[in-house]
Amino acid sequence: MNRLTKYFPFFSIVLVLLQSCYNKQGHEGNIFHYNEFSGIPTLDPAFAKSQATMWPAHQLFNTLVEIDDNLHIVPSIAKSWDISPDRTVYTFHLRTDVFFHDDAAFKNGKGRKMIAADIEYSLYRIIDKQVASPGSWIFNRKVDSIQPFKAIDDSTFQVKLLRPYNPVLGILSMQYCSVVPKEVVAMYGAEFRRHPVGTGPFRFVAWEEGQALVMKRNDNYFEKDSAGIRLPYLDGIKVTFYDSKATEFLLFRQKELEFINDIEASFKDEVLTKSGTLRKSWEGKIALHTSPYLNIEYLGILVDSANDLLSKSPMRHKEIRQAINYGFDRRKMILYLRNSLGTPAESGFVPMGLPSFDSSIVKGYNYNPAKAKQLLASAGYPDGKGLPVIKLLTIAIYADMANFIAKQLEESGIPVQVEVVQKSLLLDMTSNSRAAFFRGSWIADYPDAENYLSVFYSKNPAPPNYTRYNNPAFDNFFERAIAETNDSLRYKLYQQADQVMMNDAPVVPLWYDKAVHLVQPYIKGFFPNALNLLELRYTRLEKR
């Protein structure tokens, strides 16, 4: 039975729309399948706040600039740009061969040419309070308050800043900044979330929420490869929404999925050795792709002294926060619970993979139970006597990590109680400062340390400042860094800010992540990247 119709009755309709996705022999020839375990809440890029929404947004839309595999800013819709001498005005020169996907909202249903006015509309839409985009913060205190975005003519677009802000190109590469057509958004209103129209390499076909999403090759896509062949190579993409990782892995084994992202704890030991390589029984059957991933896993600690949660909490003492950082073995945790997929976070909050990362300069914490006990005594809790139980909030898939940490901290005299909660509840609690000790992660939106250190900038709300950290010395280094145009000087300021924050210990860094993909051997031109953004423009499916 054909994979597009095997599980979902509604795909009998979709098949009519996907006839060109099949090869001459009549079977499914060039469709890329993946499963989105957590589901997709929206296809509107203004709400692309999670990996689940970023992945389809990257297929359906384009941004002014994008980030290549070497983490460099490169052209996309903008073919070039100029920066004013005072570095506050960025002028983008646009391609003139970019067209929106065909849609009934356009004249005769034919997608029109994208122009600078579309970019102006799209960026203003992000900061429109009525839209309420979760990405509105990306321009806070950065762009001009009167006219930040301006279409000079159809092929020239301008961004005006309040002051020099070096990471602005990285921000403009975010999926939030995808270009959308005003008349389509107006026509569909709130339903634009499930009827997206962009300029990307794939166009929307159908989405049955909770069942599957189908996208088809955009035959009018503007990019070509080095041989002049129009991208993408694939005919389409199908996304399923099985919420069981066991089911996902079974479908992958049966070649129903082209790849799976990350490896769930229940089957990682079946596939991987402790050193993070494929077991011999899997060699030749699947491919393991790994790469540094700009994501840090951590435990956050609320440090807002005005919050009632801290009035009697031992976490208000810096020595206790530092003792927790010293009190467990990150290296053992990564070896046994992650099969070496990740690097113990023994430096700062800024992860490996960024050019400013330097573990010889930014010093974090390693396993030192004697130091942990010394700090406990200094805080007035010798050997942990009298120390109240500390509650650690986490979600189910990280419960094993939390329990490992709690067990080791107990040996150092720090009693920790792990409480597993729903992801939505934890997000609500951390956003509203109702969680004193919690598991978190931070994935880079763009490859600059500013993106990580903004998590601790006192003028930022939660998100991103979930710990409510506030230190004028940190703020000073941070503000100087984002205005600095000399890379080496900016990196030094980032490192100084990171070190100030690590000394105060509002977080417990756990590990610097790796992107891990299990991939079918017939997939070519498909590799993980440091942002773990799903890149399918150059992907091919060879004969199974």
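The values are calculated or read from the model by the stated rules, or taken from the named source; none is laboratory data. Since this is a predicted model, take the numbers as computed values, not measurements. In this analysis, Cβ positions are derived from the backbone assuming ideal geometry, glycine residues included, and neighbour counts consider all displayed protein chains.
Remarks
- Looking only at the range 405-453, and only at residues there that are of a type in the set (S, T, N, Q) and within 30 Å of residue 74 (Cα to Cα), the one that is surrounded by the fewest Cβ atoms within 10 Å (Cβ to Cβ): 441
- Entry remark, the range 126-161: residues being touching a residue at least 40 places away in the same chain (Cβ under 8 Å), under 24 Å from residue 462 (Cβ atoms) and either in a helix (DSSP H, G or I) or touching an Asp or Glu at 6+ places or on another chain (Cβ under 8 Å) (or both) number 3 in total.
- Screening residue 131 with (1) surrounded by fewer than 21 Cβ atoms within 10 Å (Cβ to Cβ); (2) among the hydrophobic types (A, V, I, L, M, F, W, C); (3) touching a Cys at 6+ places or on another chain (Cβ under 9 Å) gives one miss only, at (3).
- Considering the conditions (1) at pLDDT below 95; (2) assigned by TED's automatic domain parsing to the domain that holds residue 88, residue 210 is excluded by exactly one of them, (2).
- Taking the numbered list (1) within 22 Å of the chain's Cα centre (by Cα); (2) assigned to a loop (DSSP other than H, G, I, E, B); (3) closer than 25 Å to residue 408 by Cβ in turn, residue 300 passes all entries but (2).
- Pairs are defined by a Cβ separation below 7 Å, a sequence spacing of at least 6 or placement on different chains, a first member in the range 345-366 that is closer than 12 Å to residue 508 by Cα and at pLDDT 95 or above, and a second member that is outside any loop (DSSP other than H, G, I, E, B) and β-branched (Val, Ile, Thr); the pairs so defined are 345/296; 349/296; 349/507.
So that you can scan it fast, the table gives a plain yes or no per residue for (1) in contact with a strand residue (DSSP E or B) (Cβ under 9 Å, 6 or more places away or on another chain); (2) farther than 19 Å from residue 177 by Cβ:
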site	(1), (2)
96	yes, yes
105	no, yes
120	yes, no
131	no, no
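- All conditions but one from (1) assigned to a helix (DSSP H, G or I); (2) under 27 Å from residue 268 (Cα atoms); (3) touching a Gly at 6+ places or on another chain (Cβ under 7 Å) apply to residue 346; the one that does not is (1).
- Within the option set 83, 67, being in the same structural domain as residue 144 (by TED's automatic domain parsing) and surrounded by fewer than 20 Cβ atoms within 10 Å (Cβ to Cβ) holds for one residue only, 83.
- The residue that is surrounded by the most Cβ atoms within 10 Å (Cβ to Cβ), counting only those in the range 303-326 that are basic (Lys, Arg) and assigned to a helix (DSSP H, G or I), is 321.
- Among the conditions (1) part of a helix (DSSP H, G or I); (2) under 29 Å from the mean Cα position of the chain (by Cα); (3) more than 16 Å from residue 508 (Cα to Cα), residue 433 misses just one, which is (1).
- Applying the set (1) among the small types (Gly, Ala, Ser); (2) over 24 Å from residue 443 (Cβ atoms); (3) touching a Gly at 6+ places or on another chain (Cβ under 9 Å) to residue 226 leaves exactly one unmet item: (3).
- Yes/no for residue 331 being buried (at least 19 other Cβ atoms within 10 Å of the Cβ), assigned by TED's automatic domain parsing to the domain that holds residue 449, at pLDDT 95 or above and charged (D, E, K, R): no
- When the residues of the range 376-393 are filtered to those that are closer than 15 Å to residue 408 by Cβ and assigned to a helix (DSSP H, G or I), the one that is modelled with the lowest pLDDT is 384.
- Out of 199, 240, 247, 156, one residue alone is among the β-branched types (Val, Ile, Thr) and under 21 Å from the mean Cα position of the chain (by Cα). It is 240.
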